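See below for the structure under consideration.
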Amino acid sequence: MASDYIELRCRSAFSFLDGASLPEDLIAAAAANGHSTLALGDPNGVYGAPRFFSAARRAGVRPIVGVEVTLVGHETGGPPAPVLLLVESRRGYQNLCRLLTRAWEGRRKEQGPAATHAFLAEHAEGLIALGGAAARTDLPDLVQIFGHDHVFLEAQRHLDADEAPRVRGALAQARLAGVGVVATNDVRYATPERRALHDVLTCARHGATVDDIGRRLPRNAERWLKPPEEMQRLFRDLPAAVRATRAIAERCEFSLAELGYTFPSYPVPAGETQQSYLAKLSDVGITRLYDRDDLLVPKVRAQRARELALVESLDLAGYFLVVWDIVQFARDHGILVQGRGSAANSALCFLLGITCVDPVRSDLLFERFLSEERARNATNAADRMPDIDLDLPSGDRRELCIQHVYQKYGARGAAMTANVITYRPRMAVRDVGHALGFSEDQLGRISKHLPGSIIDESAALGRYIEIAGFPLTDRRTRLLGELATSLLDLPRHLGQHSGGMVLCNGRLDEVVPLEPASMPGRVVVQWDKDDCADMGLVKVDLLGLGMMAVLEDIVPMIQRHEGVTIDYARLSDDDPAVYAMLQAADTVGTF
């Protein structure tokens, strides 16, 4: 008979130093072990949720979204234990995202988020609270906030004698408070073999070695994703706690497929639609860029009409207008801006001033920029959109444009995409080496022989360590190579993307939590650019280039010294001196 057990408490490597398996590996283990459903609840964020969702969809496992929220400021004195919030509905997911965003408000990145019970009360609808495997001083508050049928304490069994009295206390308190009890395993890795890696990550989190970290390490390898039948046997004396796992899972109906994200509508003048305004702006571009008697104009108008028709059929006018608005802001403030890449193949982009390459004169293929077939077969908004990246001068000039976007779309309508910093060879060897007690001098010697990244994923780091003079016949050195290799590509911490900005029609903080970047005045979503694309979130890249600042300075210099006005959209494409440089390969330092 199939087990009723469903794992509701599970961390991935997106717990950042407190989970030793990627979301994809947890899903693979779940599918192999017969789990039909699995919940992911990393601390204070949904960082790994997109990858968890995508892997689950491929494997036929139903994913449940959850987050373990850190609580502060309870009247009983010390901070209460974290609470795991599982999402029942889309409203619950929106509340969870807003709660996490609120918990980060006014905090510096190094401080971490601070959620209070008052925040929980404001965002409780659609969420189920799991309070951990111990009695809680704040249980009455949780019951008052969520209601008796939305609060559960947990029973966990990891063959740890110290755990038993804590669980007995939780069971007794649950009976007195009239709340349910649910069995969980507090999973930290997919298989028992990952336990050593989790120990190393724990040492890295605490800045300790395995010799001196003591009781801060779990005593055994029981926190792996066990088969449901094994968990049911483990809790055979608490069948109600096992049945509760399935009952809770069945209530958690939300899926990340229901995000409800939409790209902003651009505000157009009275009497205009986005499409008509785009057509009008592009018509102005023809007048600005071409002489009236230019023989190319009929061909330009025909290409413009073809592109406008496709844009209208795909409902993309707003995207072009949003990018055009950023370009206009830059130009109004004397900031050089240039669309890069395949956007140069679009006559609309040229006519709007987004690019300065004439694709009609150069006979460029528009479909490289926007393919109707690809757009119509897209599974989400991000795949349907063309990709227009804007190059801007690095530094304060670009930041002015970024802040313009924040101001135009609101503090909750725009954010930078994140950049998940993953383990590379040097960082992996350093963290594992510190945990195993290697000295700074030893790790420095090893680091000199390590590659920046491993191209061959099957390659182990042990051979580089041996080349540095540390023979693998030594058990500690062998462990260093094996564990560091296992760490490669696991998330270590969150950074921000170099220029990707996600824009939203409405509240972006109801689609994904926002948190402060290390740079003042910026916030980031909790997903990197690839995860944003997978979830259908559309980004616009505002990229900073030092050479753009140089090009920006060149135009007034030439005007002053040569009396010539340079228009980058009207540069000659048949200058013999340019081709002479290219033929001579005399292009070092040339942008």
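Under 5 Å from the amide H of residue 501 lie the amide H atoms of 417, 540, 541, 542, each residue being 5 or more positions distant or on a separate chain, with H modelled from the backbone and absent for Pro and chain starts. Computed from Cα positions, the angle between helix 317-332 and the longest principal axis of the chain comes to roughly 70 degrees. Considering only alpha-carbon pairs that sit under 8 angstrom and 6 or more positions apart, the relative contact order computed for the range 78-222 is 19 percent. Considering helices alone, the calculated mean residue ellipticity of the chain at 222 nm is -12500 deg cm²/dmol, with DSSP H runs of length four and up weighted by -39500 (n - 2.57) and normalised per residue. For the range 391-511, the alpha-carbon coordinates run over 61, 32, 27 Å along the three principal axes, in decreasing order. What is the calculated FRET efficiency for residue 168 to residue 32, with r their C-beta to C-beta distance and R₀ = 45 Å, to the nearest 0.05? Working from the Cβ atoms, E equals 0.85.
For the range 511-591, the Kirkwood radius over C-alpha pairs fed into Stokes-Einstein at 37 °C and 0.692 mPa s yields D = 190 µm² per second. Computed from the alpha carbon atoms alone, the convex hull of the range 68-190 holds 131 Å³ per residue. Applying a DSSP loop filter and a limit of 15 other Cβ atoms within 10 Å to the GluC sites (Glu not before Pro) in the range 218-273 leaves 253, 272. Remark: relative contact order (the range 407-504) = 51 percent; criterion is Cα-Cα distance under 8 angstrom and separation of 6 or more residues. Close amide H pairs (under 5 Å, H built 1.01 Å from N) link residue 38 with 62, 64, residues at least 5 positions away or on another chain.
Over all pairs of different C-alpha atoms, the range 123-247 has a mean inverse distance whose reciprocal, the Kirkwood radius, equals 15.9 Å.
Just to verify a number: what accessible area does residue 548 come out at with the full protein assembly present, 1.4 Å probe, Å² rounded to tens? Looks like 0 Å² after rounding. Tilt of helix 90-104 relative to the longest C-alpha principal axis of the chain, in degrees (0 to 90, nearest 10)? In the chain, helix 90-104 runs at an angle near 90 degrees to the longest axis. Over the range 255-362, the ratio between the Cα radius of gyration and 2.2 N^0.38 Å evaluates to 1.15. Couplings 3J(HN,Hα) of the range 38-54, computed from phi: 8, 9, 10, x, 6, x, 6, x, 9, 4, x, 4, x, 5, 4, 5, 5 Hz, in residue order, whole Hz [Karplus 6.51 cos²θ - 1.76 cosθ + 1.60, θ = phi - 60°; x for Gly and Pro]. Spatial offset of the range 528-585 relative to the range 185-215 amounts to 49 Å, using the alpha carbon center of each.
Exactly which trypsin sites (Lys or Arg not before Pro) in the range 257-359 are in a DSSP loop and have at most 13 other Cβ atoms within 10 Å? It would help to have the intermediate numbers written out before the result.
Values: sites: 280, 288, 292, 299, 301, 304, 306, 331, 340; in loops: 292.
Sites meeting the loop and neighbour criteria: 292.
Counting only protein chain heavy atoms and rolling a 1.4 Å probe, the accessible areas of 206, 497 rank, largest first, as 206, 497. Taking amide H as placed 1.01 Å from N in the peptide plane, residue 83 has its amide H under 5 Å from the amide H of 69, 71, each at least 5 places away in sequence or on another chain.
Distance between the C-alpha centres of the range 1-72 and the range 81-100: 15 Å, rounded to the whole angstrom.
Just so you know, the Cα atoms of the range 1-89 work out to an Rg and Dmax of 14.3, 47 Å. Note that the range 527-540 has calculated 3J(HN,Hα) couplings of 10, 7, 4, 5, 5, 4, 5, 4, 8, x, 7, 9, 10, 10 Hz, one per residue in order, obtained from phi through the Karplus relation 6.51 cos²θ - 1.76 cosθ + 1.60 (θ = phi - 60°); glycine and proline are x. For the range 207-262, the solvent-accessible area works out to 53 Å² per residue, with a probe of 1.4 Å and every protein chain left in place. Only residues of the range 461-475 count here: report those whose backbone N is under 14 Å from the spot 7 Å along Cα→Cβ of residue 442, or say none. Output list for this probe position: 465-466, 468-475.
Based on protein heavy atoms only, the range 477-526 ends up with 31 Å² per residue of surface accessible to a 1.4 Å probe. In a DSSP loop and with at most 11 other Cβ atoms within 10 Å, the GluC sites (Glu not before Pro) in the range 59-153 are 75.
When Rg and Dmax are taken over the Cα atoms of the range 7-157, they come to 15.3, 46 Å.
Computed over all pairs of different Cα atoms, the Kirkwood value for the hydrodynamic radius of the chain is 27.1 Å. Just need the Rg to Rh number for the range 72-122, please, alpha carbons only, Kirkwood Rh. Using only Cα positions, Rg/Rh for the range 72-122 is 0.98. In straight-distance terms, cross-link reach from residue 299 covers every one of the lysines whose alpha-carbon lies under 25 Å from its own, apart from those fewer than eight places away in the same chain; here that gives 280.
Across the range 469-484, rounded Karplus estimates of 3J(HN,Hα) from the backbone phi angles (6.51 cos²θ - 1.76 cosθ + 1.60, θ = phi - 60°) give x, 10, x, 6, 5, 7, 4, 5, 5, 4, 4, 4, x, 5, 6, 5 Hz, Gly and Pro being marked x. Treating the angle as unsigned and between 0 and 90°, give the value, to the nearest 10°, between the Cα long axis of helix 546-562 and the longest Cα principal axis of the chain. Helix 546-562 sits at roughly 20 degrees to that axis. Here the accessible area is traced with a 1.4 Å probe on the protein chains. For the chain, carbon and sulfur cover 52 percent of it. With all pairs of different C-alpha atoms in the average, the Kirkwood value for the hydrodynamic radius of the range 314-466 is 19.6 Å. Accessible surface computed residue by residue for the range 1-135, with neighbouring protein chains in place and a 1.4 Å probe, gives 33 Å² per residue. Look at the alpha carbon pairs under 8 Å that are at least 6 residues apart: their mean separation over the length of the chain gives a relative contact order of 16 percent.
The values are calculated or read from the model by the stated rules, or taken from the named source; none is laboratory data. In this text, all values refer to a predicted model and were calculated from it rather than measured experimentally. Quick reminder, even Gly has a Cβ in these numbers, built from the backbone with ideal geometry, and neighbours come from all protein chains shown. These accessible areas exclude ligands, DNA and RNA; they are computed on the full protein's heavy atoms, side chains included. Shrake-Rupley method; radii C 1.70, N 1.55, O 1.52, S 1.80 Å.
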